[in-house]
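Here the structure is laid out as structure tokens; the discussion comes afterwards.
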Amino acid sequence: NNKELIIKGLVESFNLSVSSKIAPGNICAVSALEFIYDKYGFDILTSVLELIIMTWEGEVKSFSANMMKGVARLIFCFGDQIKPEIFKEKLGSVSVKEISKVAKERRAGSLGYAEAMLLFYNKRQKRGLHWSMLYNNKPDTDKVVGATEMSEQVPQDNTKESENLVSSIDMLEIDV
């Protein structure tokens, strides 16, 4: 399959390998790589691998499915607002185990990991990244939707619910 060859070539370009064995330099979460490639594209998959390697220096657990999908979601939602140097500085000092623990306390799956990483990324910053952007399905640049289209897509009562959820999440920003 062409997609699998592209992903394998990308992984190998970082001196990593796709394998079923858990070992340093191996990525076992093949379905996560394919998911990121299908949903977000080649460039975001490349950025995910670069950021994980730069931050956790290829630690085995940093290539788990939820971790990679969480990083992909952060990159997709925030784009250039995520600064690799700050990400490395803030999250490199936090173990993957600690991120996993916080993620499980917050929410199940990759969204919990994205929330945990955003929490550590925003720690001790005057103007951190806005939590509400994490829950958007598209980055701001792609959100040019007319009011009539938006009202047809989302029922009014769900809109009110999601606004309340986002505002309550914004109020819950706490330092860990």
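Considering the options Phe87, Leu119, Ala65, tell which one lies farthest towards the positive end of the dipole of region 43-126, charges being +1 on Lys and Arg and -1 on Asp and Glu at the Cβ, about the Cα centre.
My answer, from the dipole projection, is Leu119.
Can you list residues from other chains, or at least 5 along the same chain, whose modelled amide H is less than 5 Å from the amide H of Ile27?
For Ile27, the qualifying residues are Ser17, Val18, Ser19.
State whether region 1-81 is rounded, prolate or oblate according to the following rule on the C-alpha gyration tensor (a ≥ b ≥ c being the square roots of its eigenvalues): a/c under 1.5 gives rounded; otherwise a/b larger than b/c gives prolate, and the remaining case gives oblate. The partial results should precede the final answer.
Numbers: a/c = 1.65, a/b = 1.17, b/c = 1.41.
In terms of gyration-tensor shape, oblate.
Read-outs throughout are calculated quantities, based only on the coordinates presented, and are distinct from any laboratory measurement. Computed from a predicted model, the values in this text were never measured in an experiment. Every residue, glycine among them, receives a Cβ derived from its backbone with ideal geometry; neighbour counts consider all protein chains shown.
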